[in-house]
Amino acid sequence: MPYSKFTLSKAVEDFQLTIVEGDRFLPEISPVNPTSLLKDTLK
């Protein structure tokens, strides 16, 4: 399909997609403290 004829509704229909709105794309992750080796390397 050429870009000029692309619509979201057509893509959803053609590829049987499900649109999920309001959720995070990536999950929440906890921060990780850097090791002393990493800290020294970055200095």
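Bear in mind these aren't lab numbers, they're just calculated from the coordinates by the rules spelled out. Note that this is a predicted model, so its numbers are computed, not measured.
Structure values in brief
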| quantity | calculated |
| --- | --- |
| Global geometry of the chain, whether rounded, prolate or oblate, following the gyration tensor of its Cα atoms and the 1.5 cut on a/c | prolate |
| Residues of type aspartates and glutamates that LYS5 reaches as a straight line, Cα spacing below 15 Å, ignoring anything fewer than 8 places off in the same chain | GLU13, ASP14 |
